[in-house]
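The values are calculated or read from the model by the stated rules, or taken from the named source; none is laboratory data. Keep in mind the model is a prediction, meaning the values are calculated, not measured. We place every Cβ from the backbone using ideal geometry, glycine too, and count neighbours over all the protein chains shown. In case anyone asks, the SASA skips ligands and DNA or RNA and just uses the protein heavy atoms, side chains included. Shrake-Rupley method; radii C 1.70, N 1.55, O 1.52, S 1.80 Å.
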Amino acid sequence: MIPAAFDYVAPTTLEEALAALGEHGDDAKLLAGGQSLLPVMRMRLNAPEWVIDLGRIESLRGIREEGDELVIGAMTPHAVVGEDPLVAQHARLLTDAEAEVADAQIRHRGTIGGALVHADPAGDLGAPARALDARFVIAGAGGTRTVAADEFFLDLFETAVGEDEILTEIRVPKRTGWRTHYEKFVRVKHQWSIVAVAVAVRLEGDTVAEARVGLTNMGNTPLRARGVEEALTGRPATEESVAAAAARASEGTAPPSDLNGDAAYRSHLAQVLTRRALMTAISGGTA
Amino acid sequence: MTTVDDRSVAEAEIGRDRRRKEDARLITGRTRWTDNITLTGMVHLAMVRSPFAHARVTGIDTAAAKQSAGVVAVLTGPELGEEMGVLINAWPITPDQVTPVHTPMAVDRVAFAGEIVAVVAARSAAEARDAAELVDVDYEELPAAVDLKEAAAATPENGGALAHPDLGTNKSALWIFDSAEAGTGSDVEEAIARARTDGVVIEREFRQQRLIPAFMEPRSTVVDPTGEQLTVWSATQIPHVLRFAMAATLGIPESKLRVIAPDVGGGFGGKLQLTPEEWLTVALARRLGKPVKYTETRSESLMSAHHGRDQWQKLTLSATKDGTVTGLKVELLADLGAYVAIVGGGVPVLGAFMFNAIYKFPAYHFACQTVLTNKTWTDAYRGAGRPEATFGIERMMDELAAELGVDPLEVREKNWIKHEEFPFTTVAGLEYDSGHYEAATERAKELFEYDDLRSEQRRRRESGDPVQLGIGVSTFTEMCGLAPSRVLGSLDYGAGGWESAQVRMLATGTVEVVTGASAHGQGHETAFSQIVADRLGVPFEDVEVLHGDTQVAPKGLDTYGSRSLVVGGEALVKASDKVIEKAKPVAAHLLEASVEDLEFRAGTFSVRGTEAGISIQDVAGAVFAAHNLPDGMEPSLDSDATYDPVNFSYPHGTHLCAVEVDTETGQVRMRKYVACDDVGTIINPLIVSGQVHGGLVQGIAQALWEEAVFDESGTLVSGSFVDYLLPTAADTISFDLDHTVTPSLTNSLGTKGVGEAGTIASTPAVVNAVVDALRPLGVEDVTMPCTPQRVWQAIHGAGSGGSTPGAAMPHFESGGAAGNQEQPGASSTEGAGQ
Ligand SMILES: Cc1cc2nc3c(=O)[nH]c(=O)nc-3n(C[C@H](O)[C@H](O)[C@H](O)COP(=O)(O)OP(=O)(O)OC[C@H]3O[C@@H](n4cnc5c(N)ncnc54)[C@H](O)[C@@H]3O)c2cc1C
C-alpha cells in the first residue's frame, strides 16, 4: 500500500503551520499521529498534495492546570494522557477511556487531538469529551476561538475545525472526586467500540447529585444521554434507579448497522452498558 | 562414568524441548523474505483489479498509464493472450466436473471482485501503483451469483445469476460416497426410516462461514529471466508443485526452471496455490527480459488470495433410543468461488472420510455439490475439509445427547471405537491404525475438572444467573500425513503423496539434510535436526536442514495436510539409515573387524565386546579422504530416500471448552480450554504446543470472530482487518494441554500429524459450549461466528441468530483531494453505517 506522492513540511511553530495551511488550503492535510490519516492515504482513499506535520510544534503538546480547567495540548499522545496524574485526578473519565483506545502501539503514536478532529463515531474520546463538557480551542488565520463540546461534533468525520484551522487545546473543566467509568463493548480486544458508554457521577451521600453520560457509536457523532442524566439526577444511587435511568439510554440515538451489530441490537446494548457503567462508577469506579 | 547406553538415553533429541533454531532469524528479521529481494534492473508490478463481482470488460484505456513516470509496460488480458498461460485445477473430483477456464488476467469478463484486468510494470513500486490508478476500465455489470444456495439453484431457465453464463450452470461437480454401494456399511435411508418409527432422528443444517487464511506475510513473487534458467522466488508453500505446474502449462522445460521459496511467513493453506499473480510475474519477466517483482498489498491479499471453508451442511443422524448411532447422511453445498482452484472441490471431498470421525457408524452417505459463484475462489485452509466434517459430526453428537438427555461424553463413548478394536476399518473405508479415545477423554476430563464445572453450570442455571456457563465437547480424529499416492490416484488427484530426503555427511563431520517438505513457519529445521541427530548420533547443532529451493532440494511435494513430519520425517529416517549402512563397511574396514561384529549406537561404530570404536564423523572424514576404503567402495556416504506412506496418520484427542455467556449482551467469554491430543510420538514438545496453541486460536476464531462477508453485489465487505476480526494474544486464555501417546503404526517414529489438529478440534468445542450454555433458554444452534448479536438474538427466539449485516465499519474517511474511485478493497466508507 503506497500512498500517492505528496510534499511534506514540518513547521516548528503554530504560526508557520497556519501559514502553510493557508497557502496549500484544500490540497493539504495536517498530520498528527498519522494513525487514521496514513491508512487512508495508503489505501489511496485520500491523496493530499501536502502533508503538514504538527509533530515538531512543542506548544501543542503537554498537560497543565489553569484555574478550574485542565488544558491538554492537541498533540499529546493517547498514552501520555492515559498515564497523566493530573488527568487521573481531575478528569478521570479520560484516563478510563484512554486505556481502551486501540493497542499500546497506536496509543503511543495517536494523539488526543487527532482522534477528536478525526471524529470517528466509534472513537473513544468523543463521548468522554462531551460528558465532561470539554471546550475546544481552535486556531485559524484570524486568531483563536473556543467551541463547546456540544457544538464541536457536526457529523460523521466532521467537526467545527475548518479546513484551514488547527485544534490546539482541549480544555476540560475539573471534576475532582467524581466517580467515573468507561464501558466499552468489543468482540476482540483491540477493536473500535461497537458501543461504549462514558459516565461521570457526583454523589452526595447516597444520592446522585450530578450525572453525565456520553455514548460512543450510537449515532454519527458522540452523544449525550440526557434522558439518563435527567432520570438519575437527585435519585438514590441504587440499582433500581440506575436501571430505570439506563432504560432511557437509546432515546434519540440513531445507531449504525454493520458487521458487528444492527441498530436495534446497539440500542439494547446501550441500555445494558449504561446500567453497568453507572453501577461500576457508583461503586467506586475503575480505580 | 556413564555407559554408552545411558548416554544415548540422556542425550536423546527426540522428545526434547528444543527452542526453534530458525526463530532468531525469523523474529529479528535477519532473513530474506521474497519482498526483500532486489535484483539489478528489476521492475515492479501493480495490478489493476475489478471492483465488480461480475462484469463484461468493454474497454481498457491504458494510454494515460503508459505516459506515467517510470512506466515500462502496461498490459491487458487480450494483449498478453496465450503468453500468460492458464491456471490449473489438479483435482477434478468427478470426470464430468464443470471447470471454467481460468486465465491469470481477465480477457473480456471478470468473475469476481479483485480479478486482475491489467498489469503495470514500472521502475519502482510507487510508480507502478501511480500508473495503475490511471488505467481506465469500462465495465458493463452482469448479474452476480453471490449467495451459495441461490447459486446452486440457478439455471438458465429460472433466470438465476450464473457465475459463468457460457457454462449454463453454477454446479461444478457432485461427489458421492455411499457405504452400501462401497460395501463398507449398510444403507442409510433404511437406517433413517427405521429410526423414524423406533428411534431418534436428528436433522440439522449448519453453515460453515467463509474464512480468509490471513497469513502474516503477504504474497510476493520475484522472477529473474536473465540467467540460463528462469528463477522464480515466491512466498509459497509449494515450490516443487509450482515448478511442475509452470513447466506443464507455460511451455518452459522443467529443467530450465528454478523455484525458490525463501523464508515464508505463514500460509495455513493460503499459499498452497498456483496464483494468477505468479503467472503474470513470469509472463512479464519473459516478455520484458528483466527481473520483475510483485508484492501484494494486504487489501489485495484479503480480497484475491484464496478463501477457505464456505459450506452449507445438511445432516441427518439416526440412532436407537439408547443412543447408538445407526446412520449418518451428509448433504453439502460447497462454494468454489469464481474458479476451481488447485485443490478446489477436493477440499470438501477430504471431509467425506471424516464425518464418521471416531465412531462406529454402520451406515453412511455423503454427497457434496460444488458450486461456482462470483466470489473469491476457495481452497485449502488449515484443516481443509476435516474441520468442516468434525464440526458437523461433533455438533450432531451434542444434539443427540441433548435429545436423549444424556451427557455428551456418554453418547460419544457409546459409539466410539474402543482401543482394543484397532486397527479398525471405518464406514468411510479408512483403516485407523491406532488410537485410545478412552485415555485421552479420561485425562481431559481430569484436567478440566469436568464434574465441578457441571455443578457450577447447574448452580448458575438454578439461580438464573445472567451469565450462564456452557461446556462443549469435541472428540475428534483426522486423517493427515497426505498421502498414500495410490489413494490419491484413486481419487483422481493430479499428483502423488510421497516425500523425499537427502542426508549428506560433510568431511568435517557436520551434516546437511535436504528435505522436499518446504517449511513456512512450522519449525521443520529444528524437528528434523532432532531426528537426524538422534539417528546418526551427531550433535543437534551440527545438523543443517536445507529446503525450499528446487536446485538444493530437487524433489519434493512440499508442506500441507500435516504431512511434513509423518511423511517427510520418515523419508529422513530412511535416508539416515542408508548413511549408516554405507558407513558400516568403512568403519569395519578401519577397525579391522567384520561388519557382523559392529554395532552402531550414539554415533559410534564399535566392535562388540571390545573398547574399539570409531565415530560416524570420523568415518565421514575417512570417506572424504578416500585413502583407505574397502575395495570397490564408492567414496560417499550421501544417501537419499523417497518415502510413500502406506496409510494416513490419524491423530485424535478430546477437547473440552467452558464458556461464559452473558445473556444480557450475548458476549461469549472463554473460561477454560483443555486439549488432550494424541499425536503419537512427540519429537519436540515445544513445537507441538506451539502448533496446538496456534491451531486452537484459529479454530476458536472461526467459532467466535472471523467471517468473510460479501454484500449483495459481491463486494467483500470485511476487506480489512478492521472488519475481518483476527484474534490476538489478548483475546485468548491460557490453554491447558496434555497428551496421550499411542504411536502410529504406519511409520517408524510413531508420529502423527499435529499441524491442523487444534484447528479441526476446537471450533465445534466452542460452539457446543455456547449452545450448551443456552439450551435451557430454548437455543439449539448459533450460527458461526457466534457474534454477541447472534447469541443475543438466538436467546430472544430468533433461531440460530440470523445473518451478518453486510456493511463495514466506516473508519476510513474518504473524500478530500484526488481520491481514487475504483480502488478495490475500499469497501464503501462514506455514509456506511448510517
Ligand atoms: C488499528 C487502529 C485501531 C484503532 N482503534 C481505536 C479505538 O479503539 N478507539 C479510538 O478512539 N481510536 C482508535 N484508533 C484511532 C486512533 O485513536 C488515532 O490515533 C486517531 O483516530 C487519530 O489520531 P492521530 O493523532 O493518529 O491523527 P492523524 O491520523 O494524524 O489525523 C487524523 C485526522 O485529523 C486531522 N488532524 C489531526 N490533528 C489535528 C489538529 N490538531 N487540528 C486539526 N486537524 C487535525 C488530520 O488532518 C486527519 O484528517 C485506531 C486506529 C487504528 C489504526
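Things to note:
- Looking across the range A:27-38, the residues that are at the interface with chain B (Cβ under 8 Å from one of its Cβ atoms) and crowded, with 18+ Cβ neighbours inside 10 Å come down to A:Lys29, A:Ser36.
- Test set (1) within 14 Å of the ligand (Cβ to nearest atom); (2) open to solvent by 30 Å² or more (accessible area, probe 1.4 Å); (3) within 26 Å of A:Val188 (Cβ to Cβ) - A:Glu83 fails condition number: (1)
Residues checked against (1) away from every other protein chain (no Cβ under 14 Å); (2) more than 19 Å from the chain's Cα centre (by Cα); (3) within 16 Å of the ligand (Cβ to nearest atom):
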site	(1), (2), (3)
B:Ala708	no, no, no
B:Thr715	no, yes, no
B:His739	yes, yes, no
B:Pro743	yes, yes, no
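- One residue stands out in the range A:98-110 among those that are more than 14 Å from chain B (Cβ to nearest Cβ) and more than 8 Å from the ligand (Cβ to nearest atom): the one that is least open to solvent (accessible area, probe 1.4 Å), namely A:Glu98.
- When A:Ala244, A:Ala209, A:Ala196, A:Ala200 are screened for being more than 19 Å from B:Thr665 (Cα to Cα) and touching a helix residue (DSSP H, G or I) at 6+ places or on another chain (Cβ under 7 Å), only A:Ala200 passes.
- Residue within the range B:726-737 that is open to solvent by less than 10 Å² (accessible area, probe 1.4 Å) and either among the β-branched types (Val, Ile, Thr) or modelled with pLDDT of 95 or more (or both) present: no
- Taking the listed residues B:Arg458, B:Arg454, the one that is in a helix (DSSP H, G or I) and open to solvent by 40 Å² or more (accessible area, probe 1.4 Å) is B:Arg458, with no other qualifying.
- Conditions (1) open to solvent by 30 Å² or more (accessible area, probe 1.4 Å); (2) assigned to a loop (DSSP other than H, G, I, E, B); (3) in contact with a helix residue (DSSP H, G or I) (Cβ under 6 Å, 6 or more places away or on another chain); number of the one not met by B:Gly556: (1)
- Residues of the range B:11-54 satisfying the condition of being among the small types (Gly, Ala, Ser) and under 30 Å from B:Ala69 (Cα atoms): B:Gly41, B:Ala46, B:Ser50
- When A:Glu23, A:Glu49 are checked against the criterion of being more than 11 Å from the ligand (Cβ to nearest atom), in contact with a helix residue (DSSP H, G or I) (Cβ under 6 Å, 6 or more places away or on another chain) and open to solvent by 30 Å² or more (accessible area, probe 1.4 Å), A:Glu49 stands alone in meeting it.
- Residues within the range A:116-129 that are within 8 Å of the chain's Cα centre (by Cα) and within 6 Å of the ligand (Cβ to nearest atom), tallied: 3
- So A:Ile138, is it farther than 20 Å from A:Gln191 by Cα and near the ligand (Cβ under 10 Å from one of its atoms): yes
- Residue in the range B:484-493 that is open to solvent by less than 20 Å² (accessible area, probe 1.4 Å) and either touching an Asp or Glu at 6+ places or on another chain (Cβ under 8 Å) or closer than 30 Å to B:Lys672 by Cα (or both) present: yes
- Residue ID - nearest to B:Val538 (Cα to Cα), chosen from residues in the range B:596-614 that are surrounded by 18 or more Cβ atoms within 10 Å (Cβ to Cβ) and hydroxyl-bearing (Ser, Thr, Tyr): B:Thr604
- Candidate set from the range A:1-26 (those that are aliphatic (A, V, I, L, M) and part of a helix (DSSP H, G or I)); member that is farthest from the other protein chains (Cβ to nearest Cβ): A:Leu14
- Within the range A:157-175, considering residues that are near the ligand (Cβ under 9 Å from one of its atoms) and among the aliphatic types (A, V, I, L, M), the one surrounded by the most Cβ atoms within 10 Å (Cβ to Cβ): A:Leu167
- Failed item in (1) open to solvent by less than 10 Å² (accessible area, probe 1.4 Å); (2) at pLDDT below 95; (3) farther than 30 Å from B:Ser234 by Cβ, with B:Ala588 passing the rest: (2)
- The helices (runs of 4 or more DSSP H) falling completely within the range B:139-257 that include 1 or more residues that are closer than 28 Å to B:Gly81 by Cβ and either open to solvent by 70 Å² or more (accessible area, probe 1.4 Å) or touching a strand residue (DSSP E or B) at 6+ places or on another chain (Cβ under 8 Å) (or both) map to B:239-250.
- Filter result for the condition that a residue is in a helix (DSSP H, G or I), open to solvent by less than 10 Å² (accessible area, probe 1.4 Å) and modelled with pLDDT of 95 or more, over B:Leu637, B:Leu696, B:Leu656: B:Leu696
- Any chance A:Gly113 is open to solvent by less than 30 Å² (accessible area, probe 1.4 Å), closer than 15 Å to A:Val80 by Cα and either near the ligand (Cβ under 10 Å from one of its atoms) or at pLDDT 95 or above (or both): yes
- Considering A:Ser257, A:Ser267, A:Ser250, A:Ser193, the condition of being within 24 Å of A:Ala91 (Cβ to Cβ) and among the hydroxyl-bearing types (Ser, Thr, Tyr) is satisfied by A:Ser193 alone.
- Taken across the range A:54-68, residues that are closer than 30 Å to B:Ala808 by Cβ, within 14 Å of the ligand (Cβ to nearest atom), touching a Ser or Thr at 6+ places or on another chain (Cβ under 8 Å) and more than 14 Å from chain B (Cβ to nearest Cβ) do not occur at all.
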